[in-house]
Amino acid sequence: MEAKKTGVWRWGINRWLVLALIVFGALAASAYPPVRPHIQLPAEPLTGVLFTLPVIGEFRLTNTLVALALADILVLLLGLSVRRAVASGALVLKGISGAVEALLEMLYRLTESSAGRWTRHIFPWMGSIVLLVLVANWMELIPGVDSIGIIEPAEHGGYPIREVARLGDLPIVSVVPPPKGETEVEHGYQLVPYLRAVSTDLNFTLALALVSVTMTQVYGIRARGLGYFSKFFNFKELVSGSFFGGINFGVGILELISEFSKILSFTFRLFANIFAGSVLLFVIGSLVPVFAQSIFLILEFFVGMIQAIVFGLLTMIFMAQATAGHGDSGSGH
């Protein structure tokens with residue numbers, strides 16, 4: 001009976017829809033062939049100098065700053081949606097609210113098993129970091145991010161532009177590759193996207209790393225007082241004159257160095273994975289513009305999720321270790 005109901009959609013309508021999109025993508029790629037992507041580490045400014053600060057210097061609105069503001073808004077909307085669903089009295093949340101609840105519940109249980117009585121203090125930092133980084137990482141999967149923007153003259157050559165349509169008096173132009181056998185023009189153009197995944201900006205990952213490491217020290221001091229610094233400067237055993245006292249003092253110095261190395265580790269782990277994923281999507285999209293990029297979009301979906309959870313878990317673990325004194329074995333649970 002169901003086979004008769006489906007009629008011509010014998011194998012399901014979704015399969016035919018995917019096939020139609022592949023054919024449409026092939027026709028579009030032949031009409032407007034992809035160009036070589038413009039890749040650079042610093043975020044591209046969208047405006048001129050807005051103001052100048054004494055220490056920081058000139059401030060411009062960049063595409064990653066716009067993406068960060070959008071990510072913040074999305075995280076707030078997620079929080080409001082969960083709050084509204086809980087306030088409605090529903091016993092089981094559904095949709096996006098249910099997914100967010102399941103993620104946060106899993107993270108809370110992990111925090112509770114490691115941080116004990118400090119869970120209520122540490123979990124808000126961990127949960128906020130995971131949600132923000134998750135949304136920021138997944139923004140590179142949204143169509144239009146890194147592909148819609150302002151066409152500006154290229155500093156070191158580029159591609160010519162041509163008008164493809166008009167919207168009233170506003171021309172719609174496209175950056176096109178030169179014909180076969182010709183090289184780039186000397187004064188070409190490049191695309192500066194309005195939105196760029198904020199995790200591909202070192203300023204964002206460094207700021208998150210500084211927040212994570214700084215709050216780790218704050219909770220260490222709150223839990224153990226000034227005795228927390230004996231972890232790094234163990235003068236008590238040093239003045240004892242014993243051989244192991246000198247060794248323990250050296251270990252403390254290594255612990256201090258490791259705290260600074262955490263900043264570099266946090267910063268470059270997140271930045272390198274997401275930036276490399278963006279470059280991979282650019283390259284695959286320019287070489288094989290039809291269907292092939294979809295496979296790597298699925299890969300980047302899981303990479304973005306894993307990196308967000310790893311960042312949050314490491315923050316939680318470091319905070320839990322800072323609140324536990326030497327020789328503690330879970331007495332705070």
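The values are calculated or read from the model by the stated rules, or taken from the named source; none is laboratory data. Worth saying up front: this structure is predicted, and the values here are computed from it rather than measured. Please note: Cβ atoms are built from the backbone with ideal geometry, for glycine as well, and neighbour counts cover all protein chains shown. Please note that ligands, DNA and RNA were not included when accessible areas were found on the heavy atoms of the full protein model with its side chains. Shrake-Rupley method; radii C 1.70, N 1.55, O 1.52, S 1.80 Å.
Residue-by-condition table, conditions (1) open to solvent by 80 Å² or more (accessible area, probe 1.4 Å); (2) of a type in the set (Gly, Ala, Ser); (3) modelled with pLDDT of 80 or more:
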site: Lys5; (1), (2), (3): yes, no, no
site: Gly12; (1), (2), (3): no, yes, no
site: Leu21; (1), (2), (3): yes, no, yes
site: Leu27; (1), (2), (3): yes, no, yes
site: Ser30; (1), (2), (3): yes, yes, no
site: Val35; (1), (2), (3): no, no, no
site: His38; (1), (2), (3): no, no, no
site: Leu46; (1), (2), (3): no, no, yes
site: Leu50; (1), (2), (3): yes, no, yes
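Scanning segment 126-144 for residues that are open to solvent by 40 Å² or more (accessible area, probe 1.4 Å) and in contact with a helix residue (DSSP H, G or I) (Cβ under 6 Å, 6 or more places away or on another chain) yields Trp138, Leu141. Filtering segment 282-302 to residues that are surrounded by fewer than 19 Cβ atoms within 10 Å (Cβ to Cβ) and either of a type in the set (Phe, Trp, Tyr) or under 15 Å from the mean Cα position of the chain (by Cα) (or both) leaves Phe282, Phe291, Phe296, Leu297, Leu299, Phe301, Phe302. Selection of segment 47-100 for residues being at positive phi and not in a helix (DSSP H, G or I) yields Gly57, Gly89. Could you tell me whether Ile317 is modelled with pLDDT of 90 or more, assigned to a helix (DSSP H, G or I) and either open to solvent by 60 Å² or more (accessible area, probe 1.4 Å) or over 24 Å from Ile129 (Cβ atoms) (or both)? Considered against the rule, which asks whether it is modelled with pLDDT of 90 or more, assigned to a helix (DSSP H, G or I) and either open to solvent by 60 Å² or more (accessible area, probe 1.4 Å) or over 24 Å from Ile129 (Cβ atoms) (or both), Ile317 comes out as yes.
The single condition among (1) hydrophobic (A, V, I, L, M, F, W, C); (2) modelled with pLDDT of 80 or more; (3) touching a helix residue (DSSP H, G or I) at 6+ places or on another chain (Cβ under 6 Å); (4) closer than 29 Å to Gly227 by Cβ that Ala324 does not meet is (3). Once segment 231-253 is narrowed to residues that are in contact with a Gly (Cβ under 6 Å, 6 or more places away or on another chain) and open to solvent by less than 60 Å² (accessible area, probe 1.4 Å), the residue that is modelled with the highest pLDDT is Phe232.
For segment 254-279, name all the residues that are among the hydrophobic types (A, V, I, L, M, F, W, C) and open to solvent by less than 60 Å² (accessible area, probe 1.4 Å). Leu256, Ile263, Phe266, Leu270, Phe271, Ala272, Ile274, Phe275, Ala276, Val279 - these are the residues of segment 254-279 that are among the hydrophobic types (A, V, I, L, M, F, W, C) and open to solvent by less than 60 Å² (accessible area, probe 1.4 Å).
One residue stands out among those in segment 148-166 that are open to solvent by 70 Å² or more (accessible area, probe 1.4 Å) and at pLDDT 65 or above: the one that is farthest from the chain's Cα centre (by Cα), which is Pro153.
Residues that are among the hydrophobic types (A, V, I, L, M, F, W, C) and open to solvent by less than 50 Å² (accessible area, probe 1.4 Å) were ranked within segment 76-89; the one that is nearest to Asp201 (Cα to Cα) is Leu78.
Open to solvent by 70 Å² or more (accessible area, probe 1.4 Å) and in contact with a strand residue (DSSP E or B) (Cβ under 8 Å, 6 or more places away or on another chain), is that true of Arg120?
no
If you go through segment 110-153 and keep only what is more than 24 Å from Ser294 (Cβ to Cβ) and not in a helix (DSSP H, G or I), you end up with Ile150, Ile151, Glu152, Pro153.
Residues of segment 204-226 that are open to solvent by 40 Å² or more (accessible area, probe 1.4 Å) and farther than 27 Å from Leu134 by Cα: Ile221, Arg222, Arg224, Leu226. Please verify whether segment 64-81 includes one or more residues that are of a type outside the set (Val, Ile, Thr) and farther than 22 Å from Ala197 by Cα. Yes, some residue in segment 64-81 is of a type outside the set (Val, Ile, Thr) and farther than 22 Å from Ala197 by Cα.
Every listed requirement among (1) of a type outside the set (S, T, N, Q); (2) modelled with pLDDT of 90 or more; (3) within 30 Å of Ala322 (Cα to Cα) is met by Arg117 save one, (2). Would it be correct to say that Ile73 is under 16 Å from Val135 (Cβ atoms), open to solvent by 50 Å² or more (accessible area, probe 1.4 Å) and touching a helix residue (DSSP H, G or I) at 6+ places or on another chain (Cβ under 7 Å)? No, not satisfied.
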